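Peer 1: If you scroll down you'll find the structure; I have some questions about it.
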Amino acid sequence: MSDRHILTAVAWPYANGPRHIGHVSGFGVPSDVFSRYHRMAGDRVLMVSGTDEHGTPITVAADAEGVTPREIADRNNRVIVGDLQALGLSYDLFTRTTTVNHARVSQEIFLGLLKNGYVFPQTTLGAISPSTGRTLPDRYIEGTCPICGYDGARGDQCDNCGNQLDPTDLINPVSRINGETPRFVESEHYFLDLPAFTRALGDWLATRGSWRPNVLNFSRNLLEDLKPRSYTRDIDWGVPVPLDGWRDRPDKRIYVWFDAVVGYLSASIEWARRSGDPEAWRQWWQTPDSDAYYFMGKDNIVFHAEIWPAQLLGYNGEGDRGGSPGPLGRLNLPTEVVSSEFLTMEGRKFSSSRQVVIYVRDFLARYDADALRYFIAVAGPETQDTDFTWSEFKRRNNDELVAGWGNLVNRTVSLAAKNVGAVPTPGELTDADRALLQATQGAFAPIGELLARNRQKAAATEAMRVVGEANKYLSDQAPWKLKEDPARRDTVLHTALQAVSDCNALLTPFLPHSAQKVHELLGGTGVWSPAPRVDEVTDLDDGSPYPIITGDYDQGQAVWTSRPLPPGTPLSPPTPVFRKLDESIVEEELARLEEGR
Ligand SMILES: [Zn+2]
């Protein structure tokens, strides 16, 4: 293993409902492909996330059902954990924002910012109900978004464009309780002094030239209009503000977005505490040879390229006001904000309320996880908005996975099993044999480089091109016609099996479930590509139970290099690795979409 530490910081899915395939195409699959590649390359990966459980939409859902926000969060946390595990996402820790540990770390960041002068109290306008005189929490105010014009924006955020709002920003604000127009009176809040980071953020972004151009341009544009942002909100569900006179107030909490991004740090600390070495997180956050990659959809760039770096700079004492690092010590800024664009569905925007949606769970009930992972990697919204269509999904699955890669595995292993019963011993190689082995072995370096730079589409496409070369070799050499020349037949089969083994390694980050199967078809034993598991644990501080995703990823045998396949390894007749999809699934799925089921 190298000493290179890589933090894979994966956007926190919001726990107001199950996640759909558009969500996991943004944060989920790309972050897992990246992590699996780096583990295979020998780097020390820490992949963390969890469910984001505070904020207005959870309280609105709880109000609607007449249950507590905690009940909503508990239920959706469990659903999301199950779905992400089933997709094979190899989190070292997938936790949640309602742990005691998370609240403590969030409060520590707030206090560090306060100490260095980067958050300040300010009287602002808060809403009250004119008829009762009582405070109207942000979630009870609705109006038109001043940015995108959406007419269901709430007092803290527009769910349509994702922008953070203040209740006073809304056009025609009304109370959701009784429809009256709220009155705005003075209310005290804390603000993050973003303008004090203009220079530091600009200097940092100036060193980030390798980012995707659209992400970098968007981030640089944000610097032109930095305004103080309220760090606290009028809400009763969230992390308490850790100050005398505020701590016990039921109506003031840290803003959900400002605690959610701290989750990368708090989850790393929780992982370390659970690992038995509570200081282990520091290797990913505080050493100069560590890198941190943040994965998300483009609606979250502002929080990862502006707000979170500003929180880190302020905590470190590296903004215009100076200062010194808080008790945790200096914390590393993101190496890269890896943002995807949006996935649409049959030409329409995903919408749970309009039922233009397919949830991860429903998808995986009908199709294999690797089929979805492959589609997202090779045809997902990496650098531009991309449409998911069932006909294209079926085509990719049938033409590329089944007829391309699966067929290569099946033909090669079944010929060797039938004729030899084991991996054959090769004789002298011909130019054609050497050319194929050079192609497969030579593919590790360029595809690895593409994966390290998160050019996953190009990496998957290149891996499948190599699969195509192997298929062509097999057709050209036609070992089934070499009954009279068993020595040559065995050399061809050995060469083809070695190529299958190499291609399997190249495809493992994308297709971990089928890679394990192919490993076993090649006579391998034990774990090739480790699967995540769900553990039932208790909160380290208050004992309340919850499920986490974790795994023993060091046990995986997959490495990012060609490994010689030992002659004599017994082989059995193969079973198909992928399922061919029937023509009729396209019509069935389109009918489901129309009916909203
Ligand atoms: Zn909006």
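Peer 1: Rounded to the nearest 500 deg cm²/dmol, what is the calculated helix-only ellipticity per residue at 222 nm for the chain, with -39500 (n - 2.57) per DSSP H run of length n ≥ 4?
Peer 2: -12000 deg cm²/dmol, from helical runs alone.
Peer 1: The stretch 571-590 to the stretch 376-393: how many Å between their Cα centroids?
Peer 2: So the separation of the two Cα centres works out to 20 Å.
Peer 1: Between D236 and E588, what is the spin-label point distance in nm, taking each point 7 Å from the Cα along the Cα→C-beta axis?
Peer 2: 4.7
Peer 1: Once neighbouring chains are kept in place and the probe is 1.4 Å, which whole percent of the accessible area of the stretch 290-396 is contributed by carbon and sulfur?
Peer 2: 45
Peer 1: Just subtract the alpha-carbon distance of R465 and R199 from 0.36 nm times their residue separation and send over the number in nm, one decimal.
Peer 2: 91.2 nm
Peer 1: Based on alpha-carbon atoms only, what is the radius of gyration of the chain relative to the globular estimate 2.2 N^0.38 Å?
Peer 2: With N residues counted in the chain, Rg over 2.2 N^0.38 Å equals 1.06.
Peer 1: Would any residue of the stretch 233-273 have its amide N under 13 Å from a label point 7 Å out along Cα→Cβ of S544? List them or say none.
Peer 2: 237-240
Peer 1: Another question, then. Once both labels are modelled 7 Å past Cα along the beta-carbon direction, what's the Q557-K472 spacing in nm?
Peer 2: Each label point lies 7 Å from its Cα, and together they span 3.1 nm.
Peer 1: Give me the lysines in straight-line cross-link reach of K252: C-alpha distance below 27 Å, same-chain residues under 8 apart excluded.
Peer 2: Cα-Cα hits under 27 Å: K115, K227.
Peer 1: Using protein chains only and a probe of 1.4 angstrom, how many square angstrom of H513 are accessible, to the nearest 10?
Peer 2: Here the residue's solvent-accessible area equals roughly 70 Å².
Peer 1: What full-extension length gain, to one decimal in nm, is calculated for I177 and Q286 as 0.36 nm per residue of separation minus the Cα-Cα distance?
Peer 2: Value of the extension gain: 34.5 nm.
Peer 1: Using a 1.4 angstrom probe, figure out how much accessible area the stretch 326-376 has per residue, in square angstrom, rounded to the nearest whole.
Peer 2: Heavy-atom accessible area per residue stands at 38 Å².
Peer 1: Using only the Cα atoms of the stretch 1-149, construct the convex hull and provide its projected area averaged over every direction, in square nanometres to one decimal.
Peer 2: 13.2
Peer 1: If pairing requires two Cys Cβ atoms under 4.7 Å apart, which cysteines of the chain are left without a partner?
Peer 2: C503
Peer 1: Now a separate question. Check each of the trypsin sites (Lys or Arg not before Pro) in the stretch 372-467 and keep only those in coil by DSSP with at most 10 other C-beta atoms within 10 angstrom; list them in order.
Peer 2: Answer by residue number: there is no such site.
Peer 1: What ranking of E583, E346, E336 comes out by heavy-atom accessible area, probe 1.4 Å, highest first?
Peer 2: Greatest to least solvent exposure: E583, E346, E336.
Peer 1: From the phi angles alone, apply the Karplus equation (6.51, -1.76, 1.60; θ = phi - 60°) to the stretch 4-17 and give each ³J(HN,Hα) in whole Hz, x where the residue is Gly or Pro.
Peer 2: Listing the rounded values in order: 6, 9, 10, 8, 9, 9, 9, 3, 8, x, 7, 8, 9, x Hz.
Peer 1: Hey, another quick one. In terms of solvent-accessible area of protein heavy atoms at a 1.4 angstrom probe, what is the ranking of F342, F388, highest value first?
Peer 2: F342, F388
Peer 1: Residue separation times 0.36 nm, minus the C-alpha to C-alpha distance between T168 and R395: what's the value?
Peer 2: 76.7 nm
Peer 1: Now for a different question. Using amide H atoms built 1.01 Å from N in the peptide plane, name the residues 5+ places from M345, or on other chains, whose amide H lies under 5 Å from its own.
Peer 2: F350, F388
Peer 1: Now, a different point. Please work out the FRET efficiency for the pair V185 and V67, using the Cβ-Cβ distance as r and a Förster radius of 30 Å; give the result to the nearest 0.05.
Peer 2: Result of the calculation: an efficiency of 0.45.
Peer 1: Evaluate E = 1/(1 + (r/R0)^6) for N221 and Q122, where r is the Cβ-Cβ distance and R0 equals 22 Å; express this FRET efficiency to the nearest 0.05.
Peer 2: So the FRET efficiency works out to roughly 0.30.
Peer 1: Normalised by the residues of the chain, what does the relative contact order come to in percent, with Cα pairs under 8 Å and at least six apart?
Peer 2: About 18 percent, as a whole number.
Peer 1: Between S324 and K580, with labels modelled 7 Å along Cα→Cβ, what's the label distance in nm to one decimal, could you check?
Peer 2: According to this spin-label approximation, the distance is 7.1 nm.
Peer 1: Per the 1.4 Å probe, what fraction of the accessible area of the stretch 2-158, in percent, lies on carbon and sulfur atoms?
Peer 2: Using a 1.4 Å probe with all protein chains present, the stretch 2-158 comes out at 50 percent carbon and sulfur.
Peer 1: Going from most exposed to least, what order do M464, M345 have by accessible area with a 1.4 Å probe?
Peer 2: Result, largest first: M464, M345.
Peer 1: Return the percentage of antiparallel bridges among DSSP beta bridges fully within the chain, rounded to the nearest 5 %.
Peer 2: Around 60 percent of the beta bridges assigned by DSSP in the chain are antiparallel ones.
The values are calculated or read from the model by the stated rules, or taken from the named source; none is laboratory data. Keep in mind the model is a prediction, meaning the values are calculated, not measured. Positions of Cβ are backbone-derived with ideal geometry, glycine not excepted, and every protein chain shown enters the neighbour counts. All accessible areas refer to the heavy atoms of the entire protein, side chains included, with ligands and DNA or RNA removed. Shrake-Rupley method; radii C 1.70, N 1.55, O 1.52, S 1.80 Å.
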